[in-house]
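Everything on this sheet refers to the single structure shown next.
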Amino acid sequence: MNRTFSTDIVILGGGIAGLWLLNRLRQRGFDAVLLEKSTLGGGQTITSQGIIHGGLKYALNGVLSPASSAIAAMPEHWRLCLQGQGDVDLSGCRVLSPHYYMWSSGGYRSRLKTFLGSKALRGRIDALDERDYPDFFRSREISGSLYRLSDFVVDTPSLISLLAEPHRDRILRIDTESMQMAQEEDGRLDSLTLQSHSGTVCLKAQRFVLCAGEGNGPLLQQLGITQPEMQIRPLHMLAARVPHAQPAFVHCIGDSFGMTPRLTVTCHPDPTSDSSGWIWYIGGEIAESGMQRSPEAQQGEGQRQLSETFPWVDFSTTQWGSFVINRAEPRLPNLQRPDNAFVSAKQNLLITWPTKLTLTPDLSDSVCAELARQNVQPQAAPAANAEASATLSSCFDFPEVAKPRWEHLFAGA
Ligand SMILES: Cc1cc2nc3c(=O)[nH]c(=O)nc-3n(C[C@H](O)[C@H](O)[C@H](O)COP(=O)(O)OP(=O)(O)OC[C@H]3O[C@@H](n4cnc5c(N)ncnc54)[C@H](O)[C@@H]3O)c2cc1C
C-alpha cells in the first residue's frame with residue numbers, strides 16, 4: 001500500500017540535536033516526525049564524555065570571544081532543564097558528577113594561577129582548598145592546583161531515553177538505502193519516500209531539518225548542496241575498566257598552555273554487576289595524537305600516562321579498550337574549530353551541527369528563531385496528527401537507544 005503524509009517538520013537524525021529539537025518543536029505545537037537510520041544516539045552522542053561545559057577551553061587559549069560567552073551560559077541552561085524548569089524537561093536524567101575539575105600539575109603554575117584568577121573567568125572556576133577536594137583526590141599529596149569548574153557530567157544513555165520516550169509515536173527507524181529524496185526543479189526538497197513494513201510511505205513537510213551528524217555530509221551530497229561543507233575530526237578514545245572505587249572527573253592540563261587538556265577523564269557506570277569499579281573514559285590530547293597509534297600502542301600509552309598521573313590508583317589489572325570516532329562539524333575557514341551551534345537555511349532545508357553536546361539548547365533556539373523568521377507556523381490539525389501518529393508508528397519500528405561503546409568493547413571479557 002502507498003500512503004502520503006504531510007507534517008510540519010521532518011527531522012533527519014536521532015542524536016542529541018534531533019531529539020532535543022523534536023521536544024522543542026512539539027511543545028510549540030508543531031507536528032514533527034524524526035527519522036533515524038540506526039540507533040538513537042548511536043553516532044557521536046553516545047560516545048561523548050557527557051561534559052556540559054562553560055567553554056573554559058577557549059579561555060585556556062587566552063581568547064574569550066562573544067561566542068565563548070554564549071557557551072558560558074550553557075551549564076546554567078542545562079541545570080534548569082535538569083530541575084524541570086527549563087525549555088526541555090530533563091528531570092530524571094542521571095547526572096554522573098555535579099562538578100568537573102581541572103588539575104594543573106606543574107610548570108606553568110604561576111602564569112596559570114594569574115590567568116585563572118582573572119576577571120574574565122570570575123564565577124566560572126574556583127581554586128580549591130585541600131579540604132574541599134573531591135573524594136578521588138582527598139588525602140592525596142598532589143602537586144600543582146585543583147580547580148572546580150562550573151561544568152558537570154550527564155549520563156548520555158539516560159539523556160537520550162528521556163528525550164525519546166515521550167515521542168515514541170513520532171520517532172521512526174528508517175532504511176536510508178532505499179530512501180528517495182524528490183526535489184523540485186529549483187532544488188527544494190519536495191518529499192521523502194520510505195519503505196515501511198506495509199508498503200511505501202511518502203512524507204511531505206513544510207521544512208526538513210538535517211540533524212544527522214556525520215550523516216549530513218552524504219545527505220548534502222545527494223541533494224547537490226555544496227555549502228555548507230562538513231569537516232570531520234577523528235579521535236582515538238580510550239576506555240578502561242578500572243577496579244578503583246572512587247570515580248575521577250578531571251581535565252589534566254600538562255605543561256603546554258594550550259587548547260586541549262593532556263587527559264580528559266570521565267567515569268561511567270560499569271554494566272557488569274559484580275564490579276566495584278568504573279569505566280574510565282579518556283579523551284583530550286591523547287585521543288588526538290592517538291590517531292597516529294595502533295590500538296595496542298594507544299592502550300599502552302593510556303596505561304603509561306594514567307599510571308604516571310594517578311600513582312595512587314592501581315592500573316595493573318585494568319582492562320583496556322579503544323576505538324576511533326569522528327567529530328562532525330561545519331567546515332570553517334582556516335580549519336578553525338566552530339565555537340557555536342551551527343544552523344544554515346537553504347530553501348526549505350535547515351542544515352545543523354550542534355558541534356558540542358553542550359550547545360544543543362543553542363541549536364534548538366537557533367532553529368526555532370529561523371522558523372519564526374521564515375514565518376513557518378504549525379499547520380496540521382490535532383485530530384489528523386493523532387491519526388497520522390498511529391498509522392506511522394504501525395508502519396515503522398521505534399529505534400533502540402544506543403549502548404555505550406564499552407559494552408561492546410568489553411562484552412564477554
Ligand atoms: C569522543 C567524543 C567526545 C565528546 N565529548 C563531548 C563532551 O564531553 N561535551 C560536549 O559538549 N560535546 C562532546 N562531544 C561532541 C558531541 O558529542 C556532539 O557534538 C553531539 O553529540 C552531536 O550530536 P548530533 O545529534 O548532531 O549527532 P550524532 O550524535 O552523531 O547523531 C546523528 C544521528 O543521525 C543518524 N543518521 C545519520 N545519517 C542519517 C540519515 N541519512 N537519516 C537518518 N538518520 C541518520 C545517526 O545514526 C545518528 O543517530 C564529543 C564528541 C566525541 C566524538
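Taken together, the values in this text are just the output of simple stated rules run on the coordinates, not laboratory data. The structure displayed is predicted, hence computed values, not measured ones. Because the Cβ atoms are built from the backbone with ideal geometry, glycine has one as well, and the counts that use them run over all protein chains shown.
Can you show me the helix-derived [θ] at 222 nm for the chain, built from DSSP H runs with n ≥ 4 at -39,500 (n - 2.57) apiece and divided by the number of residues, rounded to the nearest 500.
-7500 deg cm²/dmol
Here the convex hull built on the C-alpha positions of the chain has a volume of 155 cubic angstrom per residue. Less than 5 angstrom separates the built amide H of PHE152 from those of ILE52, all sequence-distant by 5 or more or on a different chain. Overall, the chain carries a charge dipole of about 800 debye about its Cα centre when +1 sits on the Cβ of Lys and Arg and -1 on the Cβ of Asp and Glu, all other atoms neutral.
Give me the percent relative contact order of the chain, please, defined on Cα pairs under 8 angstrom at least 6 residues apart.
Numbers: 799 pairs, mean separation 101.2, N = 413.
Answer for the chain is 24 percent.
Computed over the Cα atoms of the stretch 283-329, pair by distinct pair, the Kirkwood hydrodynamic radius stands at 11.7 angstrom.
If you keep only loop residues by DSSP, which chymotrypsin sites (Phe, Trp or Tyr not before Pro) in the stretch 280-333 have at most 14 other Cβ atoms within 10 Å of their Cβ? Passing sites in the stretch 280-333 are TRP312. Take the alpha carbon atoms of the stretch 205-257, find their radius of gyration, then divide it by 2.2 N^0.38 Å using N residues; give the quotient. Rounded to two decimals, the normalised Rg is 1.97. The slack between SER289 and LYS204, meaning 0.36 nm per residue of separation minus the straight C-alpha distance, is 26.1 nm.
Direction-averaged projected area, Cα convex hull, the stretch 227-385: 14.4 nm², rounded to one decimal. Residue separation of ALA127 and ALA390 scaled by 0.36 nm, minus their Cα-Cα distance, works out to 89.2 nm of gained length. For the stretch 302-413, the mean projected area of the C-alpha convex hull, equal to one quarter of the hull surface, is 13.3 nm².
Dimensions of the stretch 146-263 from C-alpha coordinates, computed as largest minus smallest value along each principal axis and given longest first, are 59, 34, 26 Å. As a calculated quantity, the FRET efficiency between GLN221 and GLN303 at R0 = 35 Å, using C-beta atoms, amounts to about 0.30.
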